[in-house]
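A short write-up of the structure that comes next.
Values in this text are rule-based calculations from the coordinates and carry no lab data. What you are looking at is a predicted structure, and each value in this text was computed from that prediction instead of being measured. As a convention, Cβ positions derive from the backbone with ideal geometry for all residues, glycine included, and neighbour counts pool all protein chains shown.
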Amino acid sequence: MIDNDDEVIVLTENVTIFEGETRKRAVNIRKRSDKLIKFAIRRYTENGIIACRAFEFDKFYKDIDKSYIEMHHIRPICQYKNVQQEQFLEEALKNIVSLCANCHQVVHLHNPCLDVKKVENAIQFSFQKSAI
Ligand SMILES: [Zn+2]
Ligand SMILES: [Zn+2]
C-alpha cells in the first residue's frame, strides 16, 4: 500500500486507524425546490418507472430496484443570477433531468458538470465495445 507521501506501508494486524471524529461545518447551500422535484418525478415517470436519461438503469438491473433515481439540474442553481429565481414550471422542468446515482456522480465529477449526452454516449460506446 502506498500513502500520499509515496511511502510504502506494510499492512499488518497491528495497524490502527481512527474514524468518527466530530467536526462542525457551516456552509451556505442553495435550497432546491421540493415542489419542482415532485413535478419532475411526475413528468418523467412512465409505467411506474423513472428512467435514467443516460443509461437504461431499470433494464440493466431488472427487478433489483426500478425506483431509485435522482434529479439533476442541468444549469446549477448556484449559477442563478438572483439568490432566488422564480420561473414557470415548464421552464424549470427543462433544467431537470432524471439520472441514476452512478450517472449523476459521473456528471458531477467535472466542473462545470459534464453534459448528460456525453455520459450517455460514453456508456453506449462502452456497451458497443463489449458486444464485439
Ligand atoms: Zn446534479
Ligand atoms: Zn444512469
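Is it fair to say His73 is within 16 Å of ligand 1 (Cβ to nearest atom), in contact with a strand residue (DSSP E or B) (Cβ under 8 Å, 6 or more places away or on another chain) and closer than 21 Å to Phe125 by Cα?
Values: within 16 Å of ligand 1 (Cβ to nearest atom): yes; in contact with a strand residue (DSSP E or B) (Cβ under 8 Å, 6 or more places away or on another chain): yes; closer than 21 Å to Phe125 by Cα: no.
So His73 fails the test.
Every residue in segment 79-114 that is assigned to a helix (DSSP H, G or I), away from ligand 1 (no atom under 11 Å from the Cβ) and closer than 23 Å to Arg43 by Cα, please.
Within segment 79-114, Leu89, Glu90, Glu91, Ala92, Leu93, Asn102 meet the criteria.
Looking for whichever is of a type in the set (A, V, I, L, M), in contact with a strand residue (DSSP E or B) (Cβ under 7 Å, 6 or more places away or on another chain) and assigned to a loop (DSSP other than H, G, I, E, B) here; the options are Ala54, Ala40. Which one fits?
Only one candidate qualifies: Ala54.
Touching a Cys at 6+ places or on another chain (Cβ under 7 Å) and surrounded by fewer than 17 Cβ atoms within 10 Å (Cβ to Cβ): which single residue out of Arg30, Arg25, Arg75, Arg43 fits that description? Spell out how you get there, then give the answer.
Values: Arg25 fails: touching a Cys at 6+ places or on another chain (Cβ under 7 Å); Arg75 fails: touching a Cys at 6+ places or on another chain (Cβ under 7 Å); Arg43 fails: touching a Cys at 6+ places or on another chain (Cβ under 7 Å).
Exactly one residue qualifies, and that residue is Arg30.
Quick check on my filter: what residues within segment 101-117 are in contact with a helix residue (DSSP H, G or I) (Cβ under 6 Å, 6 or more places away or on another chain) and free of Cβ contacts under 8 Å to residues at least 12 places away in the same chain?
If the condition is that a residue be in contact with a helix residue (DSSP H, G or I) (Cβ under 6 Å, 6 or more places away or on another chain) and free of Cβ contacts under 8 Å to residues at least 12 places away in the same chain, then Leu114 is the only one that fits.
In this structure, is Glu120 of a type in the set (D, E, K, R), part of a helix (DSSP H, G or I) and touching a residue at least 40 places away in the same chain (Cβ under 8 Å)?
Numbers: of a type in the set (D, E, K, R): yes; part of a helix (DSSP H, G or I): yes; touching a residue at least 40 places away in the same chain (Cβ under 8 Å): yes.
Considered against the rule, which asks whether it is of a type in the set (D, E, K, R), part of a helix (DSSP H, G or I) and touching a residue at least 40 places away in the same chain (Cβ under 8 Å), Glu120 comes out as yes.
Mind checking which residues of segment 42-73 are among the hydrophobic types (A, V, I, L, M, F, W, C) and in contact with a helix residue (DSSP H, G or I) (Cβ under 7 Å, 6 or more places away or on another chain)? Explain how you work it out, then say what you get.
Here is the first cut: in segment 42-73, the residues among the hydrophobic types (A, V, I, L, M, F, W, C) are 49-52, 54-55, 57, 60, 64, 69, 71.
Selection gives Ile49, Ile50, Ala51, Cys52, Ala54, Phe55, Met71.
Looking only at segment 58-69, decide whether some residue is surrounded by 12 or more Cβ atoms within 10 Å (Cβ to Cβ) and either more than 29 Å from Ser126 (Cα to Cα) or away from ligand 2 (no atom under 15 Å from the Cβ) (or both).
Among the residues of segment 58-69, not one is surrounded by 12 or more Cβ atoms within 10 Å (Cβ to Cβ) and either more than 29 Å from Ser126 (Cα to Cα) or away from ligand 2 (no atom under 15 Å from the Cβ) (or both), which makes the answer no.
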